[in-house]
Structure formats: structure tokens, C-alpha cells
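Read the structure below first, then the notes.
The values are calculated or read from the model by the stated rules, or taken from the named source; none is laboratory data. Computed from a predicted structure; not experimentally measured. In this analysis, Cβ positions are derived from the backbone assuming ideal geometry, glycine residues included, and neighbour counts consider all displayed protein chains.
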Amino acid sequence: MAEKDPIKVCVTGAAGQIAYSLLYQVAKGQVFGDDQPIILTLLDIPPMMPVLQGVVMELDDCAFSLLREVIPTSDEAVAFKDIDAAMLVGAMPRREGMERKDLLAANVKIFKSQGKSLDANAKKTVKVVVVGNPANTNALICKKYAPSIPAENFSCLTRLDQNRAKAQIAGRVGVTIDSVKNVIIWGNHSSTQFPDVSHGTVSVKGTAVPVSEAVKDDNWIKNEFIKTVQQRGAAVIKARKLSSAMSAAKATGDHMRDWFKGTPQGEYTSMGIVSDGSYGIEAGLVYSFPVTIDKSGKYTIVQGLEVDTFAREKMDATANELKQEMTTALEVCSD
Ligand SMILES: NC(=O)C1=CN([C@@H]2O[C@H](COP(=O)(O)OP(=O)(O)OC[C@H]3O[C@@H](n4cnc5c(N)ncnc54)[C@H](O)[C@@H]3O)[C@@H](O)[C@H]2O)C=CC1
Ligand SMILES: O=C(O)CCC(=O)C(=O)O
């Protein structure tokens, strides 16, 4: 069979710790398919170019069959030229004691600049995932400054939160991770996010049962579980003195793989996307919703899920935080 044409994939923050795990997955074929040749563009800031050269050497030394070319650069125009996918990781990470919103002023300007450059240089079909924090609001700004690219091509990563939530449930029930399905992350990738298992299932001895039936402890679900997932990023920072990197890279790969290849039959996944007003969330906010994705890469928000008073309060609280972040970000970007 004829070889596929290569796709061009950009990873920013390419000299950083998330990229170090992410690049392996992309170049190995674990994200875009094991028959999909890749051209990688790697963006970082000028002082990091010597480090990035080391990453390029290692990519060479991995001898990946699918990797056709690697283009390291500190020039956004070069990094984004004709790309099909952008994984926007590059940004300042949070240190112990900081909230993600403390990063906003520093990081949001990066995404204004990158939005403009994506608009000028990337394919109009480019799919963009923002990982750098505050991820939702950075994605909103990136989209705003790239008006020629459809809004639905911009997303932010909440898959790490979803993976964390699934792992907590699987551990509690004592089942494998793949037994847990349709756990939802609503809202912001922050400590206000709402990890919601009320529509999820756990396969116990071959039968799918509601999560609450498998866990048998609603108090744990409503309190400790939610808090653990909301605070997991901070817990990893406290332990490692560095933020999550291996798990963030894995989640970024999961997000892009599902976006390009589609979600499994009967399952949905959570992505930060531009709200269309579904579930009463203000249109235009980048908010994490449950979506299904078809084989052509088109996502649809899962509709009709019941929202009780407990959920409504949590979904609105995280939306309110996003509204405040948006206001601050627009102020920062207006100069
Ligand atoms: N959404 C999520 O689930 C998660 C998000 N993150 C966020 O991802 C970001 C990256 O984290 P790490 O890789 O651990 O940080 P890191 O500090 O190891 O690497 C970041 C890299 O970005 C580069 N960079 C900074 N400004 C840039 C620019 N304008 N253009 C291109 N590159 C630029 C830096 O030079 C550095 O090499 C942080 O903002 C972190 O908070 C981290 C984990 C999970
Ligand atoms: O928590 C942070 O600020 C950095 C890492 C992160 O976003 C996470 O681990 O969820």
C-alpha cells in the first residue's frame, strides 16, 4: 500500500518536561497512527535553543520509522507554517503555593502572539490543543487572535483530569482502568473543575453498572473524590517539586488521538472547547464538556444529560471563574 503523505505537527515548549515525554509518543505513532508519517516542528524560546538541539539529537537517535523531518526553531512563523496539528505546551509552569490563575498575566500574552501567528501561517484545518496554563483561557485568547481558523479547531486539555478521575474510581472499586467509562470533567482546568461521575459506568464482572452503585459511597464521590481530582496537580507539584509531566504528555496524546481518530463507540471524552451555550454555559467561554468525536474529527457536545442541583452549582462555579479569567485576560491583551 502507498505510504500516506506526512502530516505536520507542532509542539511548543519543546525543550520542556512535558514535551520530552510527548515527542516520543507522537514520533512513535501512538497519537496519529502507526502508519502516519510525521514532520515535527519544535518551538521554544531563543535561550532554550541549545537544549532543543539536544532533544533533536535524541529524536534522531530514537530512529523512529515515521519521523520524516524535525524542524527546531524559536520563530513562530516557521513553527506554524502549514501545520495540521498544534500542541501548545510552552508556557511558564506553576510552582508550589501558586494557583493557576497566578500564571495568567505571564502566559496569556504568549497565546495572543501564537494565535496571530497560527492565523497567518497554519492550515485553516489545523487542530489546536492548549496545554500551557491557564489552559482554558489561553485557548480562548489563542482563538480570538486567529479569526480565520474556525473556533471549533481550538481546544484545551482537560483529559488529564479525566484520566485522574478514572484512575481514582478504578482504584476505589478495584477494577482495571478500561472498566471505567464516561466520567466527565466540566469547566476549567483548575481547582474549581467539576469531575462528575453521575453518568459514568463501571464494568463489574462484565456488566456495566452506574459508578455510584459500584463505589457504594456517595459521600466519598461528592467530597473526597472531587477534591482529590481538583487538587491532583498541586499534590504532584508538592511531591515532585515539578508539575505533572509524564501524565500530562500521555493525556495530550490521548486528546489528540481521539480528536483525529474519533471516540470509541458508546463513549465520550472531555475537552475544553468553545461553548455554544449548551448546559447554560455562556457562549464563547472555553469550557470542558463531554463530547463524542466522529471518524472525520468532528466533535459534538453530548446533549440531554441530567443536571441536578449539586451539579448545577458546581458547573456554574467553574463557569464563573472562567468569566473572571476571561475579563482579566482581555484586559492584559488589550495593550
Ligand atoms: N492542561 C494540563 O492538564 C496541564 C498543563 N500544564 C502546563 O503546561 C505548561 C508546560 O509545562 P512543563 O512542560 O512542565 O514546563 P517546562 O518549564 O518544563 O517547559 C515549558 C517550556 O516552554 C517554553 N516556553 C516558554 N515560553 C514559550 C514561548 N513563548 N514559546 C514557546 N515555548 C515557550 C520554555 O522555555 C520551556 O522550555 C505549564 O504551563 C504547565 O502549567 C502542565 C500539566 C498539565
Ligand atoms: O497544576 C499546575 O499548575 C501544573 C500542572 C497541571 O496543570 C496539572 O497537573 O493539572
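Yes or no, residue by residue, for (1) within 16 Å of ligand 1 (Cβ to nearest atom); (2) over 15 Å from the mean Cα position of the chain (by Cα); (3) surrounded by 13 or more Cβ atoms within 10 Å (Cβ to Cβ):
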{"residue": "Glu213", "(1), (2), (3)": "no, yes, no"}
{"residue": "Lys216", "(1), (2), (3)": "no, yes, no"}
{"residue": "Ile226", "(1), (2), (3)": "no, yes, yes"}
{"residue": "Arg232", "(1), (2), (3)": "yes, yes, yes"}
{"residue": "Lys238", "(1), (2), (3)": "yes, yes, no"}
{"residue": "Lys241", "(1), (2), (3)": "yes, yes, no"}
{"residue": "Gly253", "(1), (2), (3)": "yes, no, yes"}
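Among the residues in the range 171-182, are any over 26 Å from Ile39 (Cα atoms), within 16 Å of ligand 2 (Cβ to nearest atom) and not small (Gly, Ala, Ser)? Among the residues of the range 171-182, not one is over 26 Å from Ile39 (Cα atoms), within 16 Å of ligand 2 (Cβ to nearest atom) and not small (Gly, Ala, Ser), which makes the answer no. Checking Val31, Val56, Val51, Val108 one by one, the residue that is part of a helix (DSSP H, G or I), under 28 Å from Lys144 (Cβ atoms) and not basic (Lys, Arg) is Val108 and no other.
Of all residues in the range 64-100, those being away from ligand 2 (no atom under 11 Å from the Cβ) and part of a helix (DSSP H, G or I) number 5.
When the residues of the range 17-31 are filtered to those that are crowded, with 23+ Cβ neighbours inside 10 Å and touching a residue at least 60 places away in the same chain (Cβ under 8 Å), the one that is nearest to Ser117 (Cα to Cα) is Ala19. Is the range 298-320 home to any residue that is under 16 Å from the mean Cα position of the chain (by Cα) and under 23 Å from Cys10 (Cβ atoms)? Yes, the range 298-320 contains at least one residue that is under 16 Å from the mean Cα position of the chain (by Cα) and under 23 Å from Cys10 (Cβ atoms). Among residues of the range 285-335 being among the small types (Gly, Ala, Ser) and closer than 24 Å to Gly262 by Cα, the one that is surrounded by the fewest Cβ atoms within 10 Å (Cβ to Cβ) is Gly304. With respect to the conditions (1) at pLDDT 95 or above; (2) touching a Leu at 6+ places or on another chain (Cβ under 9 Å); (3) within 11 Å of ligand 1 (Cβ to nearest atom), Val128 falls short on a single one, namely (3). Looking at the range 101-128, which of its residues are under 22 Å from Ala14 (Cβ atoms), within 15 Å of ligand 2 (Cβ to nearest atom) and out of contact with any helix residue (DSSP H, G or I) (no Cβ under 8 Å at 6 or more places or on another chain)? Once the filter is applied, which keeps residues that are under 22 Å from Ala14 (Cβ atoms), within 15 Å of ligand 2 (Cβ to nearest atom) and out of contact with any helix residue (DSSP H, G or I) (no Cβ under 8 Å at 6 or more places or on another chain), the range 101-128 yields Leu103, Ala106.
One residue stands out in the range 133-167 among those that are basic (Lys, Arg) and away from ligand 2 (no atom under 16 Å from the Cβ): the one that is surrounded by the fewest Cβ atoms within 10 Å (Cβ to Cβ), namely Lys144.
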